[in-house]
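Written below as structure tokens is the structure these notes are about.
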Amino acid sequence: RGEQTAEAFVPNPYGESEGERMYRSGDVVRYLRNGEMEFLGRRDNQVKIRGYRIELREIEAVLNSVSGVEQTRVIVRRDERGDRRLVAYAVAGRRDNGVIDELKARIKETLPDYMAPGSYVLVDEIPLTANGKVDLSKLPEPDSSENASDNEAAKTPIEEMLTAIWMEVLGIQNVSAGADFFDLGGHSLLATQVVSRARNLFNIDLPLRTIFETPTIRGLAGRIESEITRNSGASERGAIGRIDRGRDLPLSHAQYRLWFLDQLEPGNSFYNIYAALKISGPLNQPALGAAITEVVRRHESLRTCFVTKNGQPLQIISPPAEFELTLNDLSYLDDDDRDSEALRIASEESRRGFDLSRGPLVRARLLKLASDENVLVYTMHHIVSDGWSMGLLFEETARIYDAFRAGASSPLSDLELQYADFAQWQREWMNGPGYETQMSYWRRRLGGALPILRLPTDRPRPPVQTFNGRCDVVSLRADLCLELKAFSRRRECTVYMVLLAAFKVLLYRYTKQEDIVVGAPIANRNRADIEGLIGFFVNSLVIRTDLSGDPLFTELLKQVREASLGAYAHQDVPFERLVEEFAGGRDLSYTPLFQVAFGMYNPSEVQQPLTGLVVTPMTVETTAGRYDLTLHIAAGRDEMGAAWYYNTDLFNTETIKQMQQAFEDILQRIVQQPDSRLSALVSANNVEKQEEERRILERQESNRKNLRTIRRTAYKAAPKPPDSDPTLTPN
């Protein structure tokens, strides 16, 4: 700019010709007696950021006062958004985040917020040019991930959406859920942007002071969730109290439904939950058995069975006793035979049913493959457990095992509440105003006739729903996963919401139905006092969307986001009550309310590894399918796996493989052209059209053959009149 040029290039008073100019470098030097110049520093060490004049040397002086810090430099850099921000570089005796924490703390207690650097970088030395100036080209760019003293990932949809807002506003790539907004370079102007976007996104009244009071993603998400809860009526839930164990203990609504289904087909394994863990290393078998016994003692749900009294089911809690860890020694087999036999036993265990009237409803089997290699197989009935509970079971077993192995007592204190207390609280809550407030939301969302999703099947649908199933797992391309994450951040929603919207597009492609209902499991652990309980808490949400009018995908995504957030806020209503209210005269060949489900979870290693042992999950083949089709996404840091569960009485494997490819094609189109209309996303290419036409013809021919077979069978079985002509054949 002209004014900057005039300031830097000034008239040369020593010039020999008119108009000659000198360059004002900004260096401050002094002449020595020998004629040399000594560099003292810069005139422009004072900078202006966000309207404040800042003396960089003042910041450096504070940083240099921290013990162990040898040298510092503070400079101004532009971030990815082009905004000027302070970056502090320090040479210290040690290189860890503890030093950065000390630097941040000293700045916070000494200087005003506007003088706090947005990033801190530890370096081996401050690079200098030959002239003694700081060599900016050799100073590394700040890495936002190094500025976090923790690496807490977002755990809830609201935390994930806030993470996207912070990353965009702050112009950084990684944000820990526990990081301080202002430590990451945030200031009042950026805080205003965060709060404004959160207000619009969650449709709540959020004062600006909130981010100053709770400047972390986790804290801010908690305040937002409280406000959403207050608006939804969930704040009227009341506290869960411990009830007298001498009284009749009712079932929760979810338990009642599984108990009822078991009465229809006693001992079925449709609702078994199972896992197999390979344990490598010197396992202390007595300590493991004692640890499992202690976990079962801690959690009443693992000692619960279900009996009938006056026609109504009740929970019966057995007193603590030594748990039976069944042992199988397979070490005498060859290496290949051992692994295959272990998988066979694990698969057999997963299919073996339970008698709900006789506990325990949990089994554990230890398969010895070698002196230092074992497989631990857990099987539980869903009526006393869920996926979250399995994680608790592994973690508690590991912690108690380590203690018992060392000769110590259990490090875990007794639980104040148990699942029976939750079941009683749920019954009481459903008689209060909070339940009516939440139920009114579902009446608005699910009112009117709910559609049945009629996916084209490879075989005629049985008159009564079956549960024979299979699971095929595929991986999404790594580059596509990164594009989906970036896309979700730009649209201020979660990856889950993007994938759910894409799944609905896939269902529309196959059914051409515009009113699509999908089931979505949710952990339903929205209270701190039940987070550590083993039990059947998981709930099913019903996500309904309207795809009429050939909407843009971005419009559909907004609708899915609103529907998901609304469902999260009203998750206390048991799915079983929704079935009673909205299922009506249901068709027994379909599951009620929804026929397909979608879920997403973040897989992790065993949270509490067994000391001295390596624990790895084993894959046990799935043979049950609870819905026509279920898609579960396992989302890692840089990759995603898609598990497709399907009813094998309805679909062939080849059909599901084609669905998988179609789904990935839809995802690719979404990230490339997010403003495409629904019709463009589902349009098939020529190869897909030919393949689909071939499958339709094959299905029609198969149905015709089945129909002819049925007619022949019916004709032969039908009684013939005395004068019937034996030459007549069925048409």
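The values are calculated or read from the model by the stated rules, or taken from the named source; none is laboratory data. All values reported here derive from a predicted model rather than from experimental measurement. Cβ atoms come from the backbone with ideal geometry, glycine included; neighbour counts cover every protein chain shown.
What to note about this one:
- Residue identified as part of a loop (DSSP other than H, G, I, E, B) and either touching a Leu at 6+ places or on another chain (Cβ under 6 Å) or not basic (Lys, Arg) (or both) among GLU576, GLU562, GLU555, GLU621: GLU621
- Considering (1) in contact (Cβ under 8 Å) with a residue 40 or more places away in the chain; (2) of a type in the set (S, T, N, Q); (3) over 20 Å from PHE182 (Cβ atoms), the lone condition that THR110 does not fulfil carries the number (3).
- Of all the numbered requirements in (1) under 30 Å from SER589 (Cα atoms); (2) assigned to a loop (DSSP other than H, G, I, E, B), ASP414 misses one, and that requirement is (1).
- Some residue of the stretch 433-453 being closer than 21 Å to LYS504 by Cα and touching a Ser or Thr at 6+ places or on another chain (Cβ under 7 Å): yes
- Test: residue in the stretch 596-612 that is part of a loop (DSSP other than H, G, I, E, B) and buried (at least 22 other Cβ atoms within 10 Å of the Cβ): yes
- Residue among VAL377, VAL384, VAL296 that is closer than 30 Å to ARG245 by Cβ and either of a type in the set (S, T, N, Q) or out of contact with any Ser or Thr (no Cβ under 6 Å at 6 or more places or on another chain) (or both): VAL296
- With respect to the conditions (1) of a type in the set (A, V, I, L, M); (2) farther than 30 Å from ARG509 by Cβ; (3) at pLDDT below 95; (4) within 29 Å of the chain's Cα centre (by Cα), ALA420 falls short on a single one, namely (3).
- Complete set of residues in the stretch 371-385 that are surrounded by 22 or more Cβ atoms within 10 Å (Cβ to Cβ) and either of a type in the set (D, E, K, R) or assigned to a helix (DSSP H, G or I) (or both): ILE383, VAL384
- Lone unmet requirement of (1) at pLDDT below 90; (2) more than 15 Å from THR156 (Cβ to Cβ); (3) surrounded by 14 or more Cβ atoms within 10 Å (Cβ to Cβ) for LEU251: (1)
- Taking the stretch 258-304 as the range and being in a helix (DSSP H, G or I) and farther than 30 Å from LEU610 by Cα as the test, the residues that pass are LEU258, TRP259, PHE260, LEU261, ASP262, GLN263, LEU264.
- Residues in the stretch 275-290 include none that are more than 21 Å from SER350 (Cβ to Cβ) and among the basic types (Lys, Arg).
- Residue check for GLY353: more than 27 Å from ARG245 (Cα to Cα), part of a loop (DSSP other than H, G, I, E, B) and touching a residue at least 40 places away in the same chain (Cβ under 8 Å): yes
- Some residue of the stretch 471-491 being surrounded by 15 or more Cβ atoms within 10 Å (Cβ to Cβ), in contact with a strand residue (DSSP E or B) (Cβ under 8 Å, 6 or more places away or on another chain) and closer than 26 Å to LEU446 by Cβ: no
- Filter result (among the charged types (D, E, K, R), modelled with pLDDT of 80 or more and outside any loop (DSSP other than H, G, I, E, B)) within the stretch 86-137: ASP101, GLU102, LYS104, ARG106, LYS108, GLU109
This table checks each residue for (1) of a type in the set (Asp, Glu); (2) over 29 Å from GLU531 (Cα atoms); (3) part of a helix (DSSP H, G or I).
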| site | (1), (2), (3) |
| --- | --- |
| GLU341 | yes, yes, yes |
| ARG363 | no, no, no |
| LYS368 | no, yes, no |
| LEU392 | no, no, yes |
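For (1) surrounded by 11 or more Cβ atoms within 10 Å (Cβ to Cβ); (2) assigned to a loop (DSSP other than H, G, I, E, B); (3) without any contact (Cβ under 8 Å) to a residue 24 or more places away in the chain, each residue gets a yes or a no:
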site	(1), (2), (3)
ILE316	yes, no, no
PRO319	no, yes, yes
LEU333	yes, yes, yes
ASP337	yes, no, yes
ALA346	yes, no, no
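- Filter result for ASP665 (assigned by TED's automatic domain parsing to the domain that holds TYR510, more than 24 Å from the chain's Cα centre (by Cα) and either part of a helix (DSSP H, G or I) or touching a residue at least 60 places away in the same chain (Cβ under 8 Å) (or both)): no
- When the criteria are applied in full, GLN255 meets the requirement of being within 30 Å of ASN468 (Cα to Cα), under 27 Å from the mean Cα position of the chain (by Cα) and assigned to a helix (DSSP H, G or I).
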